[in-house]
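Reading through the structure tokens given below for one structure.
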Amino acid sequence: MIKSKLPNVGTTIFTTMSALAKEHNAINISQGFPDFECDKKLLELAQKHMNSGFNQYAPMPGALALRERVAEIIFNSHGANYHPETEITITAGATQGIYTCIAAIINPGDEVIIFEPAYDCYQPAIEVHGGIVIPIQLTYPNFTVNWAEVKNKISAKTKAIIINTPHNPSGTTLSQEDLIALEKLVVGTNIMVISDEVYEHMAFDNKPHQSVARFSGLRKQTFIVSSFGKTVHTTGWKIGYVAAPKELMIEFKKIHQFLVFAVNHPFQLALADYLADTSTYKELNQFYQEKRNFFREQIKHSRFKLEPCTGTYFQLVNYSSITNINDEEFTIHLTKEKKLATIPLSVFYTNKTDNKLLRLCFAKKEETLLRAAEIINTI
Ligand code: PMP
Ligand code: GLN
């Protein structure tokens, strides 16, 4: 018999809700993925590289052309230099990037601070490696970090802090002051930071994304993780990257080479070509800001209360004026009875905190958002 390493883990909420949506023929604004196609040019580039014979292994750390492109994007966006040969690795999506960072640095008994609600891949990866999760709740309703509490929770065993901005599932963003506060706490210690920045090009209202890359002290002890799935509307390609100083990247690659070795080759080359046009990522903020505004406008008179949304493609709504039932039950009810699938927030808390919040994904065609809004406005 197998002694489970993750006895309390079931199937992720994203798989569960997308399956339930399918079963009940519901509009799926639960799992985060676009329901529109990516740019045809990108598909043509992938086809071109397949037809040109790039169908064997890519170099272990990733196609150099894509690593160079990532370095260029980070420099263009944040003015920071990461060396494409030694400080950037292409991963099979951000999930693998995060897992590999954790595998590289966490030993049994090490503590890792995470902020809740927390994206669901952090905790299992920490626990598989014998790490201990130290959850800190973001303060509802603005999901701000209480840095004094973080300071209190840091112990001699703290090995890493995982941050995520723009933040899934809350749709909020960290400010420059937040990053400065984090920098003050960790510089001069052995604490590593894993910065999940998969929504790096989705920060709204002319407030630039605060990447760790902008903070010269902090970035020396940070792994930045991102995903092309979000940026170019190809979540199914599962390609992302990790950027970190050379010494950290050496340890990262020791694990990466035996976990995936290398990532899909022709698609990496297609991304490298496609992202040469800076508008592909520089205009994404505006693109999703318009979707956010459109969707909020459609549901602003509903009985759901709109929470602030400053980044990502998720909008939180509070339903406490509608019913008292718990959020997991409510999402099941909405999917089965109203044909609208959403994500309950309590699943992102170790103690299942239920603030009566649902997460709605607005990375959808206008017609999908209108159909979803029509249902929301009848509830
Ligand atoms: N981190 C966050 C915050 C996410 O929302 C996601 C999923 N979209 C990931 C990591 C994983 O990204 P990927 O699909 O590239 O593995
Ligand atoms: N990140 C996506 C979300 O938050 C889901 C990705 C997945 O299903 N693993 O909905």
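Assorted remarks:
- Sequence of LYS41, LYS3 from largest to smallest accessible area, 1.4 Å probe: LYS3, LYS41
- Restricted to Cα atoms, the chain shows a radius of gyration and a Dmax of 20.3, 59 angstrom.
- Label zone at ASP277 (point 7 Å along Cα-to-Cβ), backbone N below 19 Å, region 47-66: 47-50, 66
- In straight-distance terms, cross-link reach from LYS246 covers every one of the aspartates and glutamates whose alpha-carbon lies under 13 Å from its own, apart from those fewer than eight places away in the same chain; here that gives GLU85, GLU87.
- Rounded if a/c under 1.5, otherwise prolate or oblate - region 131-277, Cα gyration tensor axes: oblate
- Full extension of the chain between GLU337 and GLU247 gives 27.0 nm of extra length, using 0.36 nm per residue less the Cα-Cα distance.
- Per residue, region 8-134 exposes 45 Å² of accessible surface when a 1.4 Å probe is rolled over the protein heavy atoms with every protein chain present.
- Candidate aspartates and glutamates for bridging to LYS184, where Cα separation is under 15 Å - those fewer than 8 sequence places away on the same chain excluded: GLU149
- Between ARG303 and LYS48, the modelled label-to-label distance comes to 5.4 nm, taking each label 7 Å out from Cα in the direction of the beta carbon.
- The residues of region 211-360 expose, per residue, 39 Å² of accessible area to a 1.4 Å probe.
- Accessible area (Å², 1.4 Å probe, nearest 10) - LEU218: 0
- Over the residues of the chain, the helix contribution to mean residue ellipticity at 222 nm works out to -11000 deg cm²/dmol, using -39500 (n - 2.57) for each DSSP H run of at least 4.
- Site pair ILE132 and GLU366 shows an inter-label distance of 5.5 nm when each label is modelled 7 Å from Cα along Cα→Cβ.
- Across the chain, the relative contact order, built from alpha-carbon pairs under 8 Å that are at least six residues apart, equals 25 percent.
- If the chain linking ASN76 and PHE261 were pulled fully straight, counting 0.36 nm for each residue of separation and taking away their Cα-Cα distance, it would gain 63.7 nm.
- Set of lysines near LYS356 by C-alpha distance (under 25 Å), chain-local residues within fewer than 8 positions excluded: LYS22, LYS291, LYS300, LYS305, LYS336, LYS338, LYS339, LYS364
- Rg and Dmax, both from the Cα atoms of region 253-379 and both in Å, are 18.9, 54.
- Rounded to the nearest 20 debye, dipole of the chain from Cβ charges on Lys, Arg, Asp, Glu: 300
- Evaluated on region 1-78, the Kirkwood hydrodynamic radius is 17.5 Å, with distances taken between all distinct Cα atoms.
The values are calculated or read from the model by the stated rules, or taken from the named source; none is laboratory data. Treat the numbers as computed from the prediction; the structure is a model and nothing was measured. Here the Cβ is made from the backbone with ideal geometry for all residues, glycine too, and neighbour counts use every protein chain on show. Quick note on the areas: whole protein, heavy atoms, side chains included, nothing else; ligands and nucleic acids left out. Shrake-Rupley method; radii C 1.70, N 1.55, O 1.52, S 1.80 Å.
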